[in-house]
1. Could you figure out which of (1) part of a helix (DSSP H, G or I); (2) touching a residue at least 40 places away in the same chain (Cβ under 8 Å); (3) more than 17 Å from the chain's Cα centre (by Cα) isn't true of residue 64?
2. Return yes or no: is residue 188 assigned to a loop (DSSP other than H, G, I, E, B) and either at pLDDT below 90 or exposed (fewer than 11 other Cβ atoms within 10 Å of the Cβ) (or both)?
3. Taking the conditions exactly as written (over 19 Å from the mean Cα position of the chain (by Cα), surrounded by fewer than 22 Cβ atoms within 10 Å (Cβ to Cβ) and outside the structural domain of residue 120 (by TED's automatic domain parsing)), does residue 101 satisfy them or not?
4. Might you let me know whether the range 112-128 holds any residue that is closer than 27 Å to residue 26 by Cα and modelled with pLDDT of 95 or more?
5. Within the range 5-25, track down each residue that is within 15 Å of residue 75 (Cβ to Cβ) and either buried (at least 18 other Cβ atoms within 10 Å of the Cβ) or in contact (Cβ under 8 Å) with a residue 24 or more places away in the chain (or both).
6. Given the criteria under 18 Å from the mean Cα position of the chain (by Cα) and assigned by TED's automatic domain parsing to the domain that holds residue 174, does residue 21 qualify?
7. Restricting to the range 133-156, and then to whatever is in a loop (DSSP other than H, G, I, E, B) and touching a helix residue (DSSP H, G or I) at 6+ places or on another chain (Cβ under 7 Å), can you tell me which residue is nearest to residue 105 (Cα to Cα)?
8. Which members of the range 67-111 meet the condition of being within 25 Å of residue 27 (Cβ to Cβ), touching a residue at least 40 places away in the same chain (Cβ under 8 Å) and part of a helix (DSSP H, G or I)?
């Protein structure tokens, strides 16, 4: 899933990691043209890539190779260890980088904004518990239940563009998408009643308006 690289010359936090530290991620002579990945998810689980069903290990190995060859997947940061020490850590995680980006993007398409906001808090707490070795903590099991429930509708396909060390999501689709072209479009075919905005704007900004009036009078 990933490789941790540390010690030696990397203990100088200002020194760039040498190219030979990396096995999966290409750092020189990167392809001159972009490449693409299409990752399919079912209930939050990646099940296929580039139209081919794969088991988890095969899927990770495939993405590691394809994304790594495009220079994707190097993480170089200062980490706070549980014991209080700050440590310079370098990782190469091509598949994880792509999967996390794609999964997060798909969640934003099928979740409400309230679910998206709260799940980001849950994700941070879950990651901290796991990093800290508290895999068996009851809170972790509680968070597992919430996360599992949120994945019920996280099914669809996400397209990622990779080019010389950078990646971005360039497309996504899902049968559970909350995105509606007819509502979101700026074209003439929009079904959204623009007149509704006037009352909403007045109500949404009412407290701000009243507060500004009060402050100007003081």
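The values are calculated or read from the model by the stated rules, or taken from the named source; none is laboratory data. Here the structure is a predicted model, which is why all the values come from computation and not from measurement. Here Cβ is always computed from backbone atoms with ideal geometry, including for glycine, and neighbour counts include all displayed protein chains.
1. (3)
2. Working: assigned to a loop (DSSP other than H, G, I, E, B): yes; either at pLDDT below 90 or exposed (fewer than 11 other Cβ atoms within 10 Å of the Cβ) (or both): yes.
When the stated conditions are applied, residue 188 passes them.
3. On the way: over 19 Å from the mean Cα position of the chain (by Cα): no; surrounded by fewer than 22 Cβ atoms within 10 Å (Cβ to Cβ): yes; outside the structural domain of residue 120 (by TED's automatic domain parsing): yes.
No, not satisfied.
4. First, the residues of the range 112-128 that are closer than 27 Å to residue 26 by Cα: none.
The answer is no, given that none of the residues of the range 112-128 is closer than 27 Å to residue 26 by Cα and modelled with pLDDT of 95 or more.
5. Within the range 5-25, the first condition is being within 15 Å of residue 75 (Cβ to Cβ), and the residues that meet it are 5-6, 10, 13, 16-17, 21-25.
Correct list: 5, 6, 10, 13, 17, 21, 22, 23, 24, 25.
6. So residue 21 does not fit the description; no.
7. Residues of the range 133-156 that are in a loop (DSSP other than H, G, I, E, B), as a first pass: 133-137, 154-155.
Keeping just the survivors that are touching a helix residue (DSSP H, G or I) at 6+ places or on another chain (Cβ under 7 Å) gives 134, 137, 154.
On the way: 134: 28, 137: 29, 154: 10 Å.
Across the range 133-156, the extreme among qualifying residues is 154.
8. Let us first name the residues in the range 67-111 that are within 25 Å of residue 27 (Cβ to Cβ), namely 67-79, 87-102.
Of the ones still in play, those that are also touching a residue at least 40 places away in the same chain (Cβ under 8 Å) are 67-74, 76, 78, 87-99, 101-102.
The answer is 67, 68, 69, 94, 95, 96, 97, 98, 99, 101, 102.
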